[in-house]
Amino acid sequence: MTQDPEKLRQTLISWFAESRKRILAEMAKPLDVARKSNRNDLVTNVDKGNQQFLIDHIKADYPTARIIGEEGRAHDDTDISGLVFFVDPIDGTMNFVKQKAHFAVMIGIYRDGQPVVGAIMDAMRNEVLSGGPEIPVTFAGQTLAKLPDLPLKDGLLGVTGPMTIKNRLHLGEIALASSGPRMSGSAGMEFIEIALGRQLGYVSYLQPWDVAAGMAITKGMGVQFSREDGSPIDLRQPGVVVAATPQAHQTILTMMAGR
């Protein structure tokens, strides 16, 4: 099938529409919940089932593409040459289990390590954020403008709870230096807030499938992405992600360095 970015976007949106119906149907039944690395790292039958559903579609339409998914896929030193789909079937599984809301489905598509298109679906609201370097960013069918470049003090900052509470990399201080910290528990929901101009950034420790879609979508809107030392994001490895508009991004890096 075509690798045209706009056609890829429309393909992802159509998959997400089917995916949402499956998720809502499964939510009406008892969930099978298991723990992965710790008591707060959950996986459900819906995560696994939705990932397999998306993988089946990818393999059928793009049989030569590589697939890197959250559930049951190795990611360290992964080969990301050629066409690669980064799949997060339920981003914010704890929210999904405990709140039945505030979770997302995400796919980021890259070619030889470079973004092509990303899509993030707020499953409960049935709204999709999508876009890429060569196509406009849209949310619920409406085209979004480039984001304003505000200082950190003038905008809200999405942060991860554990890093902020423990003030790792001075993130507690950084959060207080913003207009206020926000903790949603879902990277996908954070990137939607950034794209809509309701937050100017997000800082968290993320896996490749947590950041791939958001990075593909919002880089063209003016969001800068790096590790805590300013180095580029390597989608073969997990790590701290600093995603923010330019002024805020620089302030965050400076404060992380203790300056």
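The values are calculated or read from the model by the stated rules, or taken from the named source; none is laboratory data. These figures come from a predicted structure and were not determined experimentally. Please note: Cβ atoms are built from the backbone with ideal geometry, for glycine as well, and neighbour counts cover all protein chains shown. Side chains are part of the model used for accessible areas, which takes the heavy atoms of the whole protein and leaves out ligands, DNA and RNA. Shrake-Rupley method; radii C 1.70, N 1.55, O 1.52, S 1.80 Å.
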Worksheet, complete the sentence: Phi-derived 3J(HN,Hα) across segment 104-121 with the Karplus relation (6.51, -1.76, 1.60, θ = phi - 60°), rounded Hz, x for Gly and Pro, is 9, 10, 9, 9, x, 10, 10, 10, 6, x, 9, x, 10, 7, x, 8, 10, 10
Worksheet item: Any idea what the dipole of segment 105-166 comes to, in debye rounded to 20, about its Cα centre with Lys/Arg Cβ at +1 and Asp/Glu Cβ at -1?
Response: 180
Worksheet item: For the chain, what is the per residue volume of the convex hull drawn over the alpha-carbon atoms, in cubic angstrom?
Response: 114
Discussion item. Can you work out the Karplus-derived ³J(HN,Hα) for every residue in segment 175-185? Use 6.51 cos²θ - 1.76 cosθ + 1.60 with θ = phi - 60°, whole Hz, and x for glycine or proline.
Written reply: 4, 6, 6, 7, 5, x, x, 10, 10, 9, x
Practice prompt. Just need the Rg to Rh number for segment 58-163, please, alpha carbons only, Kirkwood Rh.
Written response: 1.00
Worksheet item: Measuring from centroid to centroid over Cα atoms, what is the spacing of segment 123-172 and segment 76-108 in Å?
Response: 16
Fill in: segment 56-182 - charge dipole about Cα centre, Lys and Arg +1 at Cβ, Asp and Glu -1, debye rounded to 20
460
Response to the item:
So S231 and R125, fully extended at 0.36 nm per residue minus their Cα-Cα distance, gain in nm 34.6 nm
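So how strong a dipole does the chain carry about its Cα centre when Lys and Arg Cβ are +1 and Asp and Glu Cβ are -1, to the nearest 20 debye?
In total the dipole reaches around 560 debye.
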Worksheet item: In the chain, with Lys and Arg counted as +1 and Asp and Glu as -1 at Cβ, which of these residues, S37, M215, L144, has the Cα nearest the positive end of the dipole, that is, farthest along it?
Response: S37
Item to complete: Just grab the label-to-label distance for R22 and A34, each label 7 Å out from Cα along the Cβ direction, in nm (one decimal).
Response: 1.8
Item to complete: Please name which of L24, L54, A65 has its Cα lying farthest along the dipole of segment 5-65 towards the positive end, using unit charges on Cβ (Lys, Arg +1; Asp, Glu -1) and the Cα centre as origin.
Response: L24
Discussion item. Rounding to the nearest 10 and keeping the result within 0 to 90°, find how far the Cα-based axis of helix 5-27 lies from the longest principal axis of the chain.
Written reply: 80
Worksheet item: Which value, in Å² and to the nearest 10, is the accessible area of V46 when all protein chains are kept and the probe is 1.4 Å?
Response: 10
Item to complete: Counting only C-alpha contacts under 8 Å and six or more residues apart, can you give the relative contact order of segment 97-185 as a whole percent?
Response: 18
Fill in: Cα-based radius of gyration of segment 150-208 once divided by 2.2 N^0.38 Å, which approximates compact folds
1.02
Worksheet entry | Non-local Lys pairs in the chain, i.e. 8 or more apart or on different chains, that have alpha carbons under 14 Å apart | 4
Discussion item. With a 1.4 Å probe and all protein chains kept in place, how do D234, D47 rank by accessible area, largest first?
Written reply: D234, D47
Worksheet item: If you take every DSSP beta bridge whose two residues both sit in segment 11-155, what share of them, in percent to the nearest 5, is antiparallel?
Response: 90
Response to the item:
To the nearest 10 degrees, the tilt of helix 45-61 (Cα long axis) against the first principal axis of the alpha carbons of the chain is 70
Discussion item. Shape verdict for segment 1-106, please, from the Cα gyration tensor: rounded (a/c under 1.5), prolate (a/b greater than b/c) or oblate.
Written reply: oblate
Discussion item. With a 1.4 Å probe and all protein chains kept in place, how do K166, K100 rank by accessible area, largest first?
Written reply: K166, K100
